[in-house]
Amino acid sequence: MTAGPTALPTQSTPPAPPRRPHARPAAGARWRGATAAAAFAAVLVGGWQAMAVSLDSLLVPGVPEIAAHVGELAVAPGFYADLGATLQRVALGFALAFAVGAAVGIAMGRSPLARRFFEPAVLIGLTVPGLVWALLCVIWFGVDLINPVTAIALSAAPALSLSIYQGTRAMDPQLQEMAHVYRFPFRHRLRYVWLPSLAPALFAGARLGLSLAWKVVVLVEIFGMSSGVGYQINNEFAAQDVAGVLAWTVMFALVMAVLEYGVLQGLENRAARWRRVTTV
């Protein structure tokens, strides 16, 4: 009885190393995002110009008239002084609101007793309009710097607290248990557990808080300040210059866009660089 042919041993081929993601898809995504934003801007400008031409009214100025006012503001030294005053008030008010909102939100997420204690204050703060806070702070503090800072903090802190509270509740309990078992120091818990887990909630709350801060600071400057973007918008309104009002609004929106795309998104991408990106 003869043995059959012996199969030759086959050498297994080692698996190919995983490919590293190239920068080209990210650049392509950024390019598509910029193209979509430019398309929206073109539709908005074109629609406004079509409405202005069809109405033919002094109350609806055309795009060329608004653009001329924007060009005048861009070269006017007073514009940057008023913009700087508004940015200072927003920065101080938002910093105060963020500190209070983070402390309250984390406390509510960690302790049921703290949640029951702060929940009525958060709900009341969410329901009170920013206009009310602006008027009250004008009455209480006059034209002092504490006026817009307090109004912004009172308007933005409740929304920040709610966002951070929800982010705290959504944290992985196993990470917290691991930090407790290995007896992480407080600074390591904050840096390696809390901040990475809360980053999405912190940035979502920051966007919401900044949007409220911009709205409230304009109201405060309209009613009770002698400088700032809101003060200048009120002057243009008193002069019945609709193009001037829209020009200040456009410049204000451009500054907000720079802060969003140039600052917030950059910080958010840096904070989330440790997350594993999977492609389907």
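Miscellaneous remarks
- Residue within segment 129-136 that is exposed (fewer than 13 other Cβ atoms within 10 Å of the Cβ) and at pLDDT 80 or above present: yes
Matching residues to (1) more than 30 Å from R191 (Cα to Cα); (2) in a helix (DSSP H, G or I); (3) over 18 Å from the mean Cα position of the chain (by Cα); (4) modelled with pLDDT under 90:
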| residue | (1), (2), (3), (4) |
| --- | --- |
| G230 | yes, yes, yes, no |
| Q240 | yes, no, yes, yes |
| G244 | yes, yes, yes, no |
| G262 | no, yes, no, yes |
| V277 | no, no, yes, yes |
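- In segment 211-224, the qualifying residues are those that are more than 15 Å from the chain's Cα centre (by Cα) and surrounded by fewer than 21 Cβ atoms within 10 Å (Cβ to Cβ), and the one that is farthest from F252 (Cα to Cα) is F223.
- Within segment 165-201, the set of residues being on the phi < 0 side of the Ramachandran plot and not in a helix (DSSP H, G or I) comprises A170, M171, D172, Y182, F184, P185.
- Residue within segment 41-56 that is closer than 30 Å to Y165 by Cα and either open to solvent by 70 Å² or more (accessible area, probe 1.4 Å) or not in a helix (DSSP H, G or I) (or both) present: no
- Qualifying residue in segment 87-108 (condition: without any contact (Cβ under 8 Å) to a residue 12 or more places away in the chain and assigned to a loop (DSSP other than H, G, I, E, B)): no
- Figure legend. Inter-residue proximity from segment 125-148: first residues in contact (Cβ under 8 Å) with a residue 60 or more places away in the chain and within 15 Å of E221 (Cβ to Cβ), second residues surrounded by 14 or more Cβ atoms within 10 Å (Cβ to Cβ) and of a type in the set (D, E), beta-carbon distance below 8 Å, spacing 6+ or different chains. Indicated pairs: P148/E221.
- Residue match in segment 184-193 (condition: surrounded by 16 or more Cβ atoms within 10 Å (Cβ to Cβ), closer than 30 Å to D82 by Cα and touching a helix residue (DSSP H, G or I) at 6+ places or on another chain (Cβ under 9 Å)): no
- Considering L160, L154, L208, the condition of being open to solvent by less than 50 Å² (accessible area, probe 1.4 Å), in a helix (DSSP H, G or I) and closer than 15 Å to G101 by Cα is satisfied by L160 alone.
The values are calculated or read from the model by the stated rules, or taken from the named source; none is laboratory data. What you see is a predicted model; the values in this text were computed from it and never measured. Methodologically, a virtual Cβ is constructed for each residue, glycine included, from the backbone with ideal geometry; neighbour enumeration extends over all protein chains shown. With ligands, DNA and RNA removed, areas are computed over all heavy atoms of the protein, side chains included. Shrake-Rupley method; radii C 1.70, N 1.55, O 1.52, S 1.80 Å.
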